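Please read the structure below before turning to the comments.
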Amino acid sequence: MTRRTALIAVLVSGVVFAATYLTFSSGPNLDAIAIVTEPAVRIPLDGLRASRPASIVFTVPRTQMWQDFQDEWGEPPYIVFAYSGRNTRTIQPLSGLGLDIRVTEGGQPLTVTPGRSMPYLYSLLRNDAPFLTLTFAANPGTEVRVDITAADPALLPDGELRVEPLWRNGDLKDVLVGSMLAEDRRTKLLLSSLTAVIAGALVIGSRRRGRRSTQEKS
């Protein structure tokens, strides 16, 4: 193999790596998904037992990443839900907790809709409740306030109340599995391409040493 051939091999390996990496980098990665699905509100239920209203204010994101996910998955509503447990997070139907939950956007009340939507990776023990969760729509870049009052603190179990974006109506399993597989492919492609580049560099170094040795002998 000539030096020129070896150089071409290294360049081709780099181009192949760049092309394959970009190909398998398309679509959301796990880090980006974790950012856009981050809860906007987290309140321990035992903090509501004193019958004092809890008020939380947050701003709906309007970043480029958020916009990219909206373009791909559609604009998400926000879901309000309560759960208990750590290892197996179990939804506690809001209809049975005696919570008065009001949501405003820029000082104007938002429509809060009772329903049976559930966030991803939560389980449900009973399905006979009138409703499980609440949802509402809010505009990107606006300030949202959530006011929560417990009518009867004795009804509240140990756990947490959350407000978070409900992307794809909570159906994220296929997306997460696909992202994990893509990450695995990207890692393998990176290792393979780096190996090819290093091998090409070693070939060039070997050729140079061989020529230097030949010149010294002559």
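The values are calculated or read from the model by the stated rules, or taken from the named source; none is laboratory data. Computed from a prediction, not measured in an experiment: that's the story for all the values here. All Cβ positions, glycine included, derive from the backbone under ideal geometry; neighbour counts span all protein chains shown.
Comparison of T133, T142 shows that the only residue that is closer than 19 Å to L172 by Cα, assigned by TED's automatic domain parsing to the domain that holds W167, at pLDDT 95 or above and of a type in the set (S, T, Y) is T133.
Among the residues of the stretch 73-87, is any more than 14 Å from P165 (Cα to Cα) and among the acidic types (D, E)? Steps first, answer last, please.
Start the filter on the stretch 73-87 by keeping residues that are more than 14 Å from P165 (Cα to Cα), which leaves 82-87.
Then drop every residue that is not among the acidic types (D, E), which leaves none.
No, because not a single residue in the stretch 73-87 is more than 14 Å from P165 (Cα to Cα) and among the acidic types (D, E).
Can you report the number of residues in the stretch 120-154 which are in contact with an Asp or Glu (Cβ under 7 Å, 6 or more places away or on another chain), of a type in the set (A, V, I, L, M, F, W, C) and under 20 Å from T37 (Cβ atoms)? Total meeting the criteria: 2.
One line per residue, one yes/no per condition, for (1) assigned to a strand (DSSP E or B); (2) hydrophobic (A, V, I, L, M, F, W, C):
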residue	(1), (2)
I101	yes, yes
P119	no, no
L134	yes, yes
P140	no, no
A154	no, yes
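Matching residues to (1) more than 14 Å from V163 (Cβ to Cβ); (2) touching a strand residue (DSSP E or B) at 6+ places or on another chain (Cβ under 6 Å); (3) assigned to a helix (DSSP H, G or I); (4) in the same structural domain as G159 (by TED's automatic domain parsing):
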residue: D31; (1), (2), (3), (4): yes, no, yes, no
residue: I43; (1), (2), (3), (4): no, yes, no, yes
residue: M65; (1), (2), (3), (4): yes, no, yes, yes
residue: F69; (1), (2), (3), (4): yes, no, yes, yes
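Looking only at the stretch 112-122, decide whether some residue is modelled with pLDDT of 95 or more, over 25 Å from L172 (Cα atoms) and aliphatic (A, V, I, L, M). Checked against the condition, which is being modelled with pLDDT of 95 or more, over 25 Å from L172 (Cα atoms) and aliphatic (A, V, I, L, M), the stretch 112-122 yields no hits at all. Per the conditions (1) outside any strand (DSSP E or B); (2) among the basic types (K, R); (3) touching a strand residue (DSSP E or B) at 6+ places or on another chain (Cβ under 8 Å), the sole criterion not satisfied by R162 is (1).
Return the residues of the stretch 70-92 that are in contact with a Phe, Trp or Tyr (Cβ under 7 Å, 6 or more places away or on another chain) and over 12 Å from P140 (Cα atoms); say none if nothing qualifies. Reasoning before the result, please.
Taking the stretch 70-92 as the starting set, the residues that turn out to be in contact with a Phe, Trp or Tyr (Cβ under 7 Å, 6 or more places away or on another chain) are 73, 76-78, 83, 89-92.
Result: W73, Y83, R89, T90, I91, Q92.
Looking only at the stretch 63-76, decide whether some residue is touching a Ser or Thr at 6+ places or on another chain (Cβ under 6 Å) and modelled with pLDDT of 90 or more. Checked the stretch 63-76: no residue is touching a Ser or Thr at 6+ places or on another chain (Cβ under 6 Å) and modelled with pLDDT of 90 or more. Filtering the stretch 45-63 to residues that are of a type in the set (A, V, I, L, M, F, W, C) and assigned to a loop (DSSP other than H, G, I, E, B) leaves A50, V60.
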